[in-house]
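Shown next, in structure tokens, is the structure this report addresses.
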Amino acid sequence: MPKALDIRIYGDDILRRKLKEAEPKDPYIKKFLPDLIYTMYLREGVGLAANQVGVDLRIFVMDIGWTQKDAKQNPRVLINPEILEREGEQIGEEGCISLPNIFANVLRDYKIRYKYTTPDGKEVEAEAEGYEAEVIQHEYDHLEGIVFTDRLTTLAKLRVKRKLKDLELRAKDGINIAVPSDFER
Ligand SMILES: [Zn+2]
């Protein structure tokens, strides 16, 4: 039975770390993945990176379709992903399980070519565009120690400054568990 993992909140050092390469065959990862996936659904996220639950490994899970009505859960696991090519631009509103109650428009590449390793150790190369590409870029950023508010315009950054400061204080107090209604996109 998978278990719910605690969410690390903005202000926690691990969200600022460039994460370590993961070894798909590592037995720890086999055990960790069901918990990561379970936690993503529990927090109603469409993506969740390993450092958001305190694990220093280049892994994220995603499922962009499941929040739509009647959609089945279809989680994807991306290990050691790399973005190979970027093309075009898009702006979409983003939020993050680690930054509860903060939403803002972020400029992203519209289309990407990327590669990753599956839990079976298979290397996959693929393309994504639109919302799927947005989610992959958001999650990939986590593996690099970047959060979406880093990518805001100066003005938009000013608007969320106070909320970020509050989160930092909460993180210092050791309160690092987001409420289930906090969305990740
Ligand atoms: Zn996030």
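The values are calculated or read from the model by the stated rules, or taken from the named source; none is laboratory data. Model, not experiment: these values are computed from the prediction. Neighbour counts run over all protein chains shown; Cβ positions are idealised from the backbone, glycine included. Only protein heavy atoms, including side chains, enter the accessible area calculation; ligands, DNA and RNA are left aside. Shrake-Rupley method; radii C 1.70, N 1.55, O 1.52, S 1.80 Å.
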(request) May I ask you to give the percent of accessible area on the chain that is carbon plus sulfur, with a probe radius of 1.4 Å? (result) 50
(request) Please work out the average accessible area per residue across the chain, using the 1.4 Å probe convention, and give it in Å². (result) 53
(message) If packing is taken as the average number of other Cβ atoms within 10 Å across a peptide's residues, how do 129-140, 103-114 rank, most packed first?
(response) 129-140, 103-114
(request) Mind grabbing the accessible area of residue 64 for me, 1.4 Å probe, Å², rounded to tens? (result) 50
(request) Rounded to the nearest Å, what's the spacing between the alpha carbon centres of region 73-122 and region 8-68? Just the number, please. (result) 13
(request) Would you mind checking which residues have amide H under 5 Å from residue 22's amide H? H placed 1.01 Å from N; only 5 or more apart, or other chain. (result) 58, 80
(request) Taking the dipole about the Cα centre of region 13-172, with the C-beta of Lys and Arg at +1 and of Asp and Glu at -1, give me whichever of 78, 36, 54 is farthest to the positive side. (result) 54
(request) Under 1.5 on a/c is rounded, so check that first for region 1-109, then, if it is not, pick prolate when a/b is larger than b/c and oblate when it is not; a ≥ b ≥ c are the square roots of the alpha carbon gyration tensor eigenvalues. (result) rounded
(request) Can you send over the solvent-accessible area of residue 39, 1.4 Å probe, protein chains only, in Å² to the nearest 10? (result) 0
(message) Just to verify a number: what accessible area does residue 5 come out at with the full protein assembly present, 1.4 Å probe, Å² rounded to tens?
(response) 30
(request) Report, to two decimal places, the Cα Rg of the chain normalised by 2.2 N^0.38 Å (N = number of residues). (result) 0.97
(request) Take every DSSP beta bridge whose two residues both sit in the chain, then give the antiparallel share in percent to the nearest 5. (result) 95
(request) Rounded to the nearest 500, what is the 222 nm mean residue ellipticity of the chain from helices alone, with -39500 (n - 2.57) per DSSP H run of 4+ residues and division by all residues? (result) -9000 deg cm²/dmol
(request) Quote the charge dipole size of region 13-172 about the Cα centre in Debye, to the nearest 20; the model charges only the Cβ of Lys and Arg (+1) and of Asp and Glu (-1). (result) 760
(request) Please find, in a Gaussian network model of the chain (springs between Cα atoms separated by less than 10 Å), the residue of 71, 156, 50 whose mean-square fluctuation is greatest. (result) 71
